[in-house]
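Below: one structure, written as structure tokens.
Since every read-out is calculated from the coordinates, none of them should be taken as a lab result. All figures in this text were calculated on a predicted structure; none of them were measured in a lab. With ideal geometry, Cβ positions are generated from the backbone for all residues, glycine too; neighbour counts draw on all protein chains shown.
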Amino acid sequence: MSSPNLPRWGVCSALCAFTVLLSGATGDRVNATTPRNGGGTQCGEYTNQVMEDGMCRLVATLPQLDEQRCPDMFRCTDEVSYWLHENEERKQQIVALKETISELQEELRNHRHRLKVFELQHEDKSHFNATLERRFHDLEVHYAEASTLLHLQGTLILNLQNEVHNLTLLVERVKRSPGCLINIVRPNPLMSSHEALHPEIQHMRNCPIDCASIYYNGVRRSGLYTVVPSLAAMPVEVYCDMDTDGGGWTVIQRRLDGSVSFDRSWREYRHGFGDLHSEFWLGNDYIHDLSTQGDYSLRVDLEDWSNKHKHAVYQSFSIEDEEHRYRLHVSGFSGTVQDSFGWYHDKQSFSTPDSGDICAEISHGGWWYSQCFYAHLNGVYYRGGHYTPKGRGHLGPDGIVWHSWRDSDYYSLRKVSMMIRPRTFRKRLSP
């Protein structure tokens, strides 16, 4: 039975009823069995009816098949079965794809979360790196400061070692000095600064306080000796002149060959410089300690380039301490040369080229300047004596000058010395 209106497929998952209208057919009930592949399987029942319009109605009732395929009688081809199978596979693939998409979405969310964590970690690392850079910079600064402090401490330690060495030498010299005893005692917190020379050294009365003390102890030879001024905190090595005018002189300054520059700083003039055997300045602190422990006189010896000798003596001489800028007190002149020192320089403060005094800068030496000087024994050493204001680009006289020697500021002496001793000094016959 073939008709253009016959459907080519059916529903195979349940009992199916098909109605086929045939023109001009008899309405007989048919119980048909359609064999499949030559077999004898029962497919169902078929009935036919004649409709009012002359059409033949064919009704077929089919049982449910396990294989879920249309019976051959409806021409369910392998292609339909294939597409049905493919459709089911696509559904399964879609389900699997949905699951995969869901998993990918979850993984994407996890990736986004991890990315956010990485971003936060990066920000933390950037902040941490910036902090490390700042700390590294601070450490570099601290290292530089520590290196500087270490260098300074090393320098201070070296200076202290040198001072301890020098102090040890001085103590040994004091021990060997005639009539001087040094007791080594433990540090006493109750000792005042005037009672102690050093934390472990106490001054004894019979130490020589100047070259006159050494002279009175029977020493008559000129040379280097160690004395301990009664107001001083430390021993000091001095040159003692035991020959001039009976001896007992403590030399505080000497010029004789130009081997030492006297164009020095305030600090150098404070502590002293030069060589006690030749040219030197004893040091303003020591001169103050020596000249203020009693009544002292000053003797100035002068020699020009013709080997002519003259001298000046001042019955009273002393200088104040550094706080008062070593102000000079000198009076009571006598001697073989006219006074060019006491009358003009008395009551003047000491100045050096680095202290801001224009006279000291022009004269290139430390001295008790007024405006500026009539005597200047710490000036530039000019060989031959004569010099001119045009030489060396200087602005005024700067030689070793005693103005009254030749009534000139441009004649520089060959040899000069300054020395002090107690005003009450009396010569004794040698034992």
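Here are the numbers:
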| read-out | value |
| --- | --- |
| Full-extension gain in nm, residue 137 to residue 231, via 0.36 nm per residue minus C-alpha separation | 28.6 nm |
| Contact order normalised by residue count of region 283-431, Cα under 8 Å, 6+ apart, percent | 24 |
| Cα gyration tensor shape for region 235-299, rounded if a/c is under 1.5, else prolate or oblate | oblate |
| Two-site FRET efficiency, residue 313 against residue 265, from Cβ-Cβ distance with R₀ of 41 Å, rounded to 0.05 | 0.85 |
| Sites residue 116 and residue 94, calculated FRET efficiency, Cβ-Cβ separation with R0 35 Å, nearest 0.05 | 0.65 |
| Gain in span if fully extended, residue 217 to residue 57, counting 0.36 nm per residue against the direct Cα distance | 40.7 nm |
| Cα gyration tensor shape of region 257-391, rounded if a/c is under 1.5, else prolate or oblate by comparing a/b with b/c | rounded |
| Shape call, region 223-262: gyration tensor on alpha carbons, a/c limit 1.5 | oblate |
| Nitroxide proxy distance, nm - points 7 Å out along Cα→Cβ at residue 224 and residue 163 | 2.1 |
| Virtual paramagnetic centre 7 Å along Cα→Cβ of residue 257, amide N under 20 Å, in region 357-379 | 378-379 |
